[in-house]
Amino acid sequence: MSGQRWDTSLYDAKHSFVTKYGEDLLALLAPRAGQRILDVGCGTGHLTAQIAATGAEVVGLDHSAEMLSQARAAYPSLTFLQADAANFTVEQSFDAVFSNAALHWVRDAAGAVRSIRAALKPDGRFVAEFGGHGNIPRIAQAVRQSITELHGSDVPHVWYFPSIAEYGTLLEAIGLLLEAAWLFDRVTPLDGDDGMAHWIRMFGGGMMPGFSDADREPIIARAVAKLEPQLRIDGRWYADYKRLRVVARNGSATPVVPIAAPPSAESA
């Protein structure tokens, strides 16, 4: 995404919750030895490695060279591919495609679903979680308002946060049958006194395209000040996440993966 840069050290040091919450999603994926699984938007590879530990043959795919460099250094025995999630092809099909906290970055959602379906075997499953309708409304508004106040301009929405109905319709139009979906709040604690500033530096670059680091810092500081009364509770920062979780299948409506209960705010 234009304007978005990935600081992999900051990502792993201050935003490990991305991997932690993905572990819950792995239980829904239920990988098994001998299966071929594609991890779309694998980032620094921690969940890819956990899938591999089950005995499954796993391939990680990400668009970011910085993320993949970190993943390859940490897990040299695993296979990682650089590709655009909205337009990729694979040589061999997979039993499952898994994706955690990645598909909200892909504005061409139809391209991503087409690529995912093409990568799946007949009856292969798709298990994913990403930002859903109503995700980070306060953070996005504070950053946009700060840009307008400091620079007299506005930045359009840079993510894809669909509703269940919107995404289910898209999946089924392309040939993936939706088996289960949940849209739920996940108010997420951030690390440290600078947790919100770190979050905006890490994930908010796409809202500040064309701004130098020197220009971004006043925007971040102003946004943090706006957010403190809303998202700093008892001295701790929180991100106002809302997640969409889906299970779908390529060409079969017969459930094979056990469907867990919707995640609670506490277990999420």
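The values are calculated or read from the model by the stated rules, or taken from the named source; none is laboratory data. Quick caveat: nothing in here was measured; it's all calculated off a predicted structure. Because the Cβ atoms are built from the backbone with ideal geometry, glycine has one as well, and the counts that use them run over all protein chains shown.
Scanning the stretch 219-229 for residues that are in contact with a strand residue (DSSP E or B) (Cβ under 7 Å, 6 or more places away or on another chain) and free of Cβ contacts under 8 Å to residues at least 40 places away in the same chain turns up nothing. Here is the figure for the stretch 184-215: residues that are under 17 Å from His151 (Cα atoms) and either at pLDDT 95 or above or touching a helix residue (DSSP H, G or I) at 6+ places or on another chain (Cβ under 6 Å) (or both) total 3. Entry remark, the stretch 146-166: residues being of a type in the set (Gly, Ala, Ser), within 26 Å of Ala128 (Cβ to Cβ) and outside any loop (DSSP other than H, G, I, E, B) number 1 in total. Each residue in the stretch 167-183 was checked for being in contact with a helix residue (DSSP H, G or I) (Cβ under 7 Å, 6 or more places away or on another chain) and more than 20 Å from His133 (Cα to Cα), and 3 pass. Among residues of the stretch 129-153 that are without any contact (Cβ under 8 Å) to a residue 60 or more places away in the chain, those with a beta-carbon under 7 Å from a residue that is assigned to a helix (DSSP H, G or I) at least six positions away or on a different chain give the pairs Ser153/Ile147. Please work out if Arg243 is over 25 Å from the mean Cα position of the chain (by Cα) and surrounded by 13 or more Cβ atoms within 10 Å (Cβ to Cβ). No; evaluated as a whole, the condition is false for this residue. Here is a check on your reading of the model: is Ser77 out of contact with any strand residue (DSSP E or B) (no Cβ under 9 Å at 6 or more places or on another chain) and either of a type in the set (S, T, N, Q) or under 23 Å from Asp24 (Cβ atoms) (or both)? So Ser77 fits the description; yes. For Ala253, the stated conditions hold: it is closer than 22 Å to Leu171 by Cα, at pLDDT below 95 and of a type outside the set (Ser, Thr, Tyr). On the stretch given as the stretch 51-84, residues that are surrounded by 17 or more Cβ atoms within 10 Å (Cβ to Cβ) and outside any strand (DSSP E or B) total 11. The test for being surrounded by fewer than 18 Cβ atoms within 10 Å (Cβ to Cβ), under 23 Å from the mean Cα position of the chain (by Cα) and in contact (Cβ under 8 Å) with a residue 60 or more places away in the chain does not hold for Gly210.
Picking from residues in the stretch 91-139 that are among the acidic types (Asp, Glu) and assigned to a loop (DSSP other than H, G, I, E, B), the one that is farthest from His157 (Cα to Cα) is Glu91.
Taking the criterion of being in contact (Cβ under 8 Å) with a residue 60 or more places away in the chain, under 21 Å from the mean Cα position of the chain (by Cα) and surrounded by fewer than 21 Cβ atoms within 10 Å (Cβ to Cβ), the only residue of the stretch 117-128 that qualifies is Arg117. Taking the conditions (1) within 26 Å of Asp154 (Cα to Cα); (2) surrounded by fewer than 17 Cβ atoms within 10 Å (Cβ to Cβ); (3) among the charged types (D, E, K, R); (4) modelled with pLDDT under 95 in turn, Glu266 satisfies each one other than (1).
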